[in-house]
Amino acid sequence: MKLNKYDKNPILTAKGNSWEGLCVLNPAAIYDEKDKEFKMLYRAAGNDLTHYIHLGLAVSKDGFNFERVSDKPVLSPDPTGPDGGCEDPRLVKMGDYYYLTYASRTFAPGQYWRDDCEYFGFKPQEGPTMLLTNGSFTSLAVSTDLVNWKRLGRITDTRYDDRDVYIFPEKVEGQYVRISRPMEWCGEGYENEKPAIWIAFSDDLMEWGKPTLLMKGQEWWEDAKIGGSTPPVKCKYGWMMLYHGVASKDGAYRVGAVILDEKDPTKILARTKDFIMEPEYPYETAGYYNGCVFPTGIVVKDDTMYVYYGAADKFVCVATAPFEEFCEQLYKEGKL
């Protein structure tokens, strides 16, 4: 079982303007049945030292060749507000609305890969955790056209560094479902020694019940931490979801998959033992994070699964697989 990387990757690279001139990565994706188009929201940044992170919009008829819809971002950080950046979007559609989850910080992160990266926020000795640590939290926004967005606010606890957050594309047994990865919820007092994937439920998308542990790292390639990657897609066995694992051996990001019960997604029905994608090519092994394949977008169309991922924190790429065959093999080989 594997994901087949497109032979013309990367499919989106930085463009010479102020807000996306340095890198484009970690895209959300969806297929618009009305416009008959693949639509992608991608993370982008220019070469400013503060490293403000924006979201751009691109469209495609075939899922491989994307064109930007504007020379301006569709969502940008507000330096006067709590969103210090718009990172790692995930996207689902329910009814007439697109629901976007994105990671943010109180302040822009700076060029985090540099040894001389500077912190551009305040440095108070006391105050709210998010002011002191500049850790990640996740926010929710809605739109009807992917261009004009209404920010609804944060949906995770700002006391914890919590990203890789997304929601299911429909209610399950009358409730919304959220996947998250709070970095601090591990070690002493927890079942998981390293950061893991948690699941929670809500009646209104904004206030969430107490999360429970969904899954933790088990294999060598996911022994440092794991996190959710793409919003789940329904298959004949349940909910198929991709996740990423990080290995302590080499720090590389690799990809796995699970199937969750359709009516009770706290139950894992099948899980890959071996990774299904890893960094191989120069565009994945040499960038701002060397050795990273990071899926954040997924589309299933005509039984082809398109998986959109960030490569080395620098490029946007895509890999594909026959969806039904992929899920059947996952269920057969990974059944618990």
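Check whether at least one residue in region 121-129 is touching a residue at least 24 places away in the same chain (Cβ under 8 Å), in a loop (DSSP other than H, G, I, E, B) and among the charged types (D, E, K, R), and report yes or no. Can you show your working first?
Step one: filter region 121-129 for residues touching a residue at least 24 places away in the same chain (Cβ under 8 Å), giving 121, 128-129.
Those still in the list that are in a loop (DSSP other than H, G, I, E, B) too: 121, 128.
From what is left, the residues that are among the charged types (D, E, K, R) are none.
Within region 121-129, none of the residues are touching a residue at least 24 places away in the same chain (Cβ under 8 Å), in a loop (DSSP other than H, G, I, E, B) and among the charged types (D, E, K, R).
Kindly indicate whether any position in region 167-188 is touching a helix residue (DSSP H, G or I) at 6+ places or on another chain (Cβ under 8 Å) and among the small types (Gly, Ala, Ser). Reasoning before the result, please.
Let us first name the residues in region 167-188 that are touching a helix residue (DSSP H, G or I) at 6+ places or on another chain (Cβ under 8 Å), namely none.
Looking through region 167-188, none of the residues is touching a helix residue (DSSP H, G or I) at 6+ places or on another chain (Cβ under 8 Å) and among the small types (Gly, Ala, Ser).
Look at region 15-35: where a residue is more than 29 Å from Val300 (Cβ to Cβ) and a partner is surrounded by 15 or more Cβ atoms within 10 Å (Cβ to Cβ) and of a type in the set (A, V, I, L, M), sitting 6+ places away or on another chain with Cβ atoms under 9 Å, you get Trp19/Ala44; Trp19/Ala45; Gly21/Ala14; Gly21/Ala44; Gly21/Ala45; Leu22/Ala14; Leu22/Ala44; Leu22/Ala45. The criterion of being within 21 Å of Pro231 (Cα to Cα) and either at pLDDT below 95 or surrounded by fewer than 17 Cβ atoms within 10 Å (Cβ to Cβ) (or both) does not hold for Val69. Put simply, of Thr80, Thr50 the only residue that is among the β-branched types (Val, Ile, Thr), surrounded by fewer than 19 Cβ atoms within 10 Å (Cβ to Cβ) and out of contact with any Leu (no Cβ under 6 Å at 6 or more places or on another chain) is Thr80. Number of residues in region 277-299 that are under 17 Å from the mean Cα position of the chain (by Cα), β-branched (Val, Ile, Thr) and surrounded by fewer than 24 Cβ atoms within 10 Å (Cβ to Cβ): the value is 1.
Just one of the listed residues (Gly238, Gly227, Gly217) is surrounded by 16 or more Cβ atoms within 10 Å (Cβ to Cβ), modelled with pLDDT of 95 or more and within 17 Å of the chain's Cα centre (by Cα), and it is Gly227. Looking across region 159-173 at every residue that is in a loop (DSSP other than H, G, I, E, B) and not hydroxyl-bearing (Ser, Thr, Tyr), the one that is nearest to Gly245 (Cα to Cα) is identified as Asp161. For region 168-187, a residue qualifies if it is crowded, with 19+ Cβ neighbours inside 10 Å, of a type outside the set (A, V, I, L, M, F, W, C) and within 15 Å of Pro231 (Cβ to Cβ), and the qualifying residues are Tyr176, Arg178, Ser180, Arg181. Whenever a residue of region 304-328 is outside any strand (DSSP E or B), its partners that are of a type in the set (Val, Ile, Thr), lying with C-beta atoms within less than 6 angstrom and at least six residues away or across chains, give the pairs Phe323/Val300. Selection over region 47-89 of residues that are β-branched (Val, Ile, Thr), assigned to a loop (DSSP other than H, G, I, E, B) and farther than 18 Å from Tyr112 by Cα gives a count of 3.
Scanning region 224-245 for residues that are touching an Asp or Glu at 6+ places or on another chain (Cβ under 7 Å) and within 22 Å of Arg163 (Cα to Cα) yields a total of 4. In a strand (DSSP E or B) and surrounded by fewer than 19 Cβ atoms within 10 Å (Cβ to Cβ): does that describe Val142? So Val142 passes the test. In region 108-117, is there at least one residue being under 19 Å from the mean Cα position of the chain (by Cα), closer than 14 Å to Trp149 by Cβ and not β-branched (Val, Ile, Thr)? No; the residues of region 108-117 include none that is under 19 Å from the mean Cα position of the chain (by Cα), closer than 14 Å to Trp149 by Cβ and not β-branched (Val, Ile, Thr). Looking across region 174-215, the residues that are in contact with a Lys or Arg (Cβ under 6 Å, 6 or more places away or on another chain) and either farther than 18 Å from Thr138 by Cβ or part of a loop (DSSP other than H, G, I, E, B) (or both) come down to Cys186, Asn192, Lys194, Pro195, Ala196. The requirement of being under 15 Å from Ala196 (Cα atoms), at pLDDT 95 or above, among the polar types (S, T, N, Q) and out of contact with any strand residue (DSSP E or B) (no Cβ under 7 Å at 6 or more places or on another chain) is satisfied by Ser248.
Of these, Asp274, Asp313, Asp302, which one is over 22 Å from Asn9 (Cα atoms) and among the acidic types (Asp, Glu)?
On the way: Asp313 fails: over 22 Å from Asn9 (Cα atoms); Asp302 fails: over 22 Å from Asn9 (Cα atoms).
The match here is Asp274.
The selection criterion, being under 20 Å from Val233 (Cβ atoms) and either surrounded by fewer than 23 Cβ atoms within 10 Å (Cβ to Cβ) or free of Cβ contacts under 8 Å to residues at least 40 places away in the same chain (or both), does not hold for Val165. From the list Ala286, Ala311, the lone residue that is over 16 Å from Asp164 (Cβ atoms), touching a Cys at 6+ places or on another chain (Cβ under 8 Å) and small (Gly, Ala, Ser) is Ala311.
The values are calculated or read from the model by the stated rules, or taken from the named source; none is laboratory data. Not measured: the values here are computed from a predicted model. Neighbour counts run over all protein chains shown; Cβ positions are idealised from the backbone, glycine included.
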